[in-house]
1. If N is the number of residues in the chain, what value comes out of its Cα radius of gyration divided by 2.2 N^0.38 Å?
2. Run through segment 202-254 and list the trypsin sites (Lys or Arg not before Pro) located in a DSSP loop whose Cβ has at most 15 other Cβ atoms within 10 Å.
3. Find the accessible area per residue for the chain; the probe is 1.4 Å, ligands and nucleic acids are left out, and the unit is Å².
4. Can you pull the accessible area of Leu238 for me, 1.4 Å probe, Å² to the nearest 10?
5. Roughly how many percent of the accessible protein surface of the chain is carbon and sulfur, given a 1.4 Å probe and a whole-percent answer?
6. Among the trypsin sites (Lys or Arg not before Pro) within segment 1-76, which fall in a DSSP loop and have no more than 10 other Cβ atoms within 10 Å of their own Cβ?
7. For segment 9-29 and segment 186-222, write down the distance between their C-alpha centroids in whole Å.
8. Taking the convex hull of the Cα atoms, report for segment 120-259 its projected area averaged over all directions, in nm².
Amino acid sequence: MKQLIRREFTNLWTPRSLMVYIGIIFIVPFVQFMTIRDRYEFFDPIEVFEESVSTIPAMLFPVLAILIFLPNILAEYRHNFLTYTRTRIDLSVYLVAKGLVNAILSGIVLFSMIFMTFLFVMYVEPLFHLVEYTAVTDGVVIPTTTFSFLQEIHPMLYGFSYAVWIGVNGSLYATMAYLLILTLDNLFVAISIPFLAYHILNFVAGIFQVPKFSPLSTLFPFNITAQPIWTIFVPFLLFLSIGVGIYLFHLRSRREWSF
């Protein structure tokens with residue numbers, strides 16, 4: 001298992017893969033940053049950071065998680081690579097190794113997207129004065145968000161902890177898509193379900209007027225007022241339960257694979 005995982009990580013550094021990683025970590029949040037830096041009134045760099053990871057990264061979050069490693073798995077599937085793999089190694093062990101690499105890599109890349117954006121806004125942007133800040137005067141109330149209590153302890157704790165939260169959820173969404181690929185015959189449906197579930201639950205939460213439980217607002221809680229920290233775990237635990245259910249009731253006992 002360890003050798004398989006090590007080999008997978010060694011094979012990750014192709015030009016195409018590096019372009020995907022660079023695009024997600026740097027380009028996606030930078031495009032968002034450039035669209036908001038002159039359009040809003042900012043009092044604090046944290047506000048700029050939160051706007052820089054909203055909208056584009058927030059709306060595309062499940063897609064970004066899926067793009068990191070799953071295209072490699074789909075390519076192997078299309079080229080019947082797994083058919084030949086079963087003659088050299090236990091296919092179940094191979095698939096578990098693939099799943100672990102998928103989860104770890106997705107988490108690392110999405111963690112890096114958030115944390116690198118945080119470092120850029122907090123420590124690099126002030127050197128170039130790309131954002132014009134408004135002085136805080138009496139009567140001005142700076143909005144707080146669900147994670148703001150961490151900022152009060154230390155800004156770096158806020159940035160790092162929030163990046164970890166996004167990385168963990170990136171692993172979860174990528175794993176959900178991977179489990180569905182192993183479960184369903186239609187690959188397009190399998191990789192689409194996490195994205196559709198993400199946005200359908202956002203819609204449902206809006207209909208029932210409980211946006212604090214929507215996946216988007218628990219991952220990117222900058223469009224609502226500060227909520228109790230426990231609320232962010234509701235959609236997370238829902239998706240985690242679904243993933244565990246798929247594995248326990250469909251995949252764990254599976255002995256034969258159709259590829």
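1. Working: Rg = 20.1 Å, N = 259, 2.2 N^0.38 = 18.2 Å.
This ratio for the chain stands at 1.11.
2. The qualifying sites are Arg252, Arg254.
3. Details: 13600 Å² over 259 residues.
Heavy-atom accessible area per residue stands at 53 Å².
4. In the full protein context, Leu238 sits at about 80 Å².
5. 69
6. Values: sites: Lys2, Arg6, Arg7, Arg16, Arg37, Arg39; in loops: Arg37, Arg39.
Here the sparse-neighbourhood loop sites are Arg39.
7. 26
8. Reported value for the Cα convex hull: 12.4 nm².
The values are calculated or read from the model by the stated rules, or taken from the named source; none is laboratory data. None of these values were measured; they are calculated from a predicted model. All Cβ positions, glycine included, derive from the backbone under ideal geometry; neighbour counts span all protein chains shown. Calculation scope for accessible area: heavy atoms of the full protein, side chains included, ligands and nucleic acids excluded. Shrake-Rupley method; radii C 1.70, N 1.55, O 1.52, S 1.80 Å.
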